[in-house]
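The next block holds one structure in the form of structure tokens; read it before the comments.
Nothing in this text is a laboratory measurement; each read-out follows from the coordinates by a stated rule. Every value quoted in this text rests on a predicted model; they were computed, and no experiment measured them. Methodologically, a virtual Cβ is constructed for each residue, glycine included, from the backbone with ideal geometry; neighbour enumeration extends over all protein chains shown.
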Amino acid sequence: VSSEIASRDAAIEADATDPLASVRARFTLPDGVIYLDGNSLGALAASVSAAVDDAVNRQWGRDLITSWNDNDWWTLPARVGDRIGALIGAAPGQVLCGDSTSVQLFQALVGLARLRPGRTELITDGAGFPTDQYVAESVARLLGLTLRRITPPELPAVISDDTAVVALSAVDYRTGEYWDLPALTATAHAAGAVINWDLCHAAGALPVELDELGADAAVGCTYKYLNGGPGSPAWIYLPHRHQGPIELPLTGWHGHADPFGLAPSFTPAPGIEQARIGTPALLSMLALESALTVWDAVSLDDVRAKSLALTEMMIAFADRSLPSVEVVTPRPSERRGSQVALRMPYAYEACQALIARRVIGDFRAPDLLRLGIAPLYLTYRQVWDAMEVLRDVLESGAYRDPAHARGASAVT
Ligand SMILES: Cc1ncc(COP(=O)(O)O)c(C=O)c1O
């Protein structure tokens, strides 16, 4: 359907029938900017400013410590967790919000490895996001496991009954490739291993059904497609079936069964509350809670349909009009996340030239221009116009302007 969007007029027509068109008004966006970096830092939901003001001035400033009960601070991590859970196919009581993705990855991988004692291997994606690889390295060292780095399609060939844990990301952060989650999860389980999914580039970008998938754990951030704001807290998913047996390594007092009993030894809280660690970043989490209300009126199927229509439109545009670039994002729609990555030797300079023209994408070393699609607040016309600006930057050679060379600007 969407490959028919081959002109600016067709893009404008697609906007006219876009079921998500009204959601854009729920964001505060700068005029004149086309923002293709919502896969790095999502936009500001309009409700957040008042929510933060309330959190600071009323809840903290006036109610002080009574807010733990009177303003429900204590129940916030699980409450926000359930809101996130609704977007990733997790029934209530299985997602807990807090800390960073890196911390939650450590928590998940050690907890999962302890479910498979005697097994000797941890498998991860050797092209995965750096933090995922670094945490996997550390967990392997800590637990005496061998770390094996693969590409996800190699999993069936390399997994064995030595494998304790498989740790993968749903969407490749560079290429935008969306892996086959059901097949890879089934492969892990057939070998008797457990699997963690990092959903940083999937949550809020496309429908994921964690319960249906039978994932053993999952983690993700909230500052990308969930628009939680800079440094907003991450989350962990632990399905009900593992909440009894799992032993999480980060045994902070908020995860204790009786946090105010002040016992000298740790007894985990029942259910998902055991995944709490220490005192949460309340202000950030209250901002996130408000940002997540945008999703109340949104269907993830509409998000996916618009995302695919836009990325198809971009790929077709690149094929037609950008002969010097290579589209590295997969063309089959079921293999594509919510971004388009274009390879060109001058990707850094082209990215800077785009930013100077108020089209914001990002650069991933060594040679990728990454254009993220956040369907909640992008229009078809904007994305079309961004591609036209890119064509102009490439055809005119504007990217060769010394102002766009590495080191010439503070913007990276
Ligand atoms: C797959 C993946 N994992 C983790 C992170 C970031 O981890 P943290 O939130 O701890 O900075 C990112 C950030 O882009 C990511 O893409």
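Quick rundown of the values:
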{"read-out": "Degrees separating the helix 76-85 axis from the principal Cα axis of the chain, which is the longest one", "value": "50 degrees"}
{"read-out": "Span per principal axis, largest first, for the Cα atoms of the chain (Å)", "value": "68, 58, 42"}
{"read-out": "Projected area, mean over directions - the range 166-214, Cα convex hull, nm²", "value": "3.3 nm²"}
{"read-out": "Ranking of CYS97, CYS221, CYS351 by count of other Cβ atoms within 10 Å, fewest first", "value": "CYS221, CYS351, CYS97"}
{"read-out": "Charge dipole magnitude, Cβ of K and R +1, D and E -1 - the range 141-231, Cα centre, debye nearest 20", "value": "440 debye"}
{"read-out": "Prolate/oblate/rounded call for the range 161-271, Cα gyration tensor, a/c under 1.5 rounded", "value": "oblate"}
{"read-out": "Cα gyration tensor category, rounded, prolate or oblate, for the range 332-377 with a/c compared to 1.5", "value": "oblate"}
{"read-out": "Nearest-ten-degree value, helix 380-396 long axis tilted from longest Cα axis of the chain", "value": "60 degrees"}
{"read-out": "Between the range 224-294 and the range 346-412, the Cα center-to-center distance that results, in Å", "value": "38 Å"}
{"read-out": "The chain: most fluctuating residue of ASP18, ASP70, ASP302 per GNM, C-alpha cutoff 10 Å", "value": "ASP70"}
{"read-out": "Sequence-separation-based contact order of the chain, relative, with Cα cut under 8 Å and 6+ spacing, percent", "value": "23 percent"}
{"read-out": "Cβ charges +1 (Lys, Arg) and -1 (Asp, Glu), total dipole of the range 187-303, debye", "value": "360 debye"}
{"read-out": "The range 1-62 versus the range 111-153: alpha-carbon centroid distance in Å", "value": "37 Å"}
{"read-out": "Rounded to 10°, Cα long-axis angle of helix 347-356 versus longest principal axis of the chain", "value": "80 degrees"}
{"read-out": "Amide hydrogen neighbours beyond the local backbone of ASP37, cut-off 5 Å, H modeled", "value": "GLY372"}
{"read-out": "Per-residue HN-Hα couplings for the range 11-24 [Karplus 6.51, -1.76, 1.60; θ = phi - 60°; Hz; x = Gly/Pro]", "value": "5, 5, 5, 4, 4, 5, 10, 6, x, 9, 3, 6, 5, 3"}
{"read-out": "Net charge, ASP401 excluded, C-beta distance under 12 Å - Lys, Arg +1, Asp, Glu -1", "value": "+1"}
{"read-out": "Relative contact order (%) - criterion: Cα under 8 Å, at least six apart; region: the range 132-196", "value": "33 percent"}
{"read-out": "Charge-dipole axis of the chain as Lys and Arg at +1 and Asp and Glu at -1 on Cβ define it, positive-most pick from VAL171, SER22, GLY252", "value": "GLY252"}
{"read-out": "Charge dipole (the chain, unit charges on Cβ, about Cα centre) - positive-most of ALA202, ALA10, PRO280", "value": "PRO280"}
{"read-out": "Net charge, GLY93 excluded, C-beta distance under 14 Å - Lys, Arg +1, Asp, Glu -1", "value": "+1"}
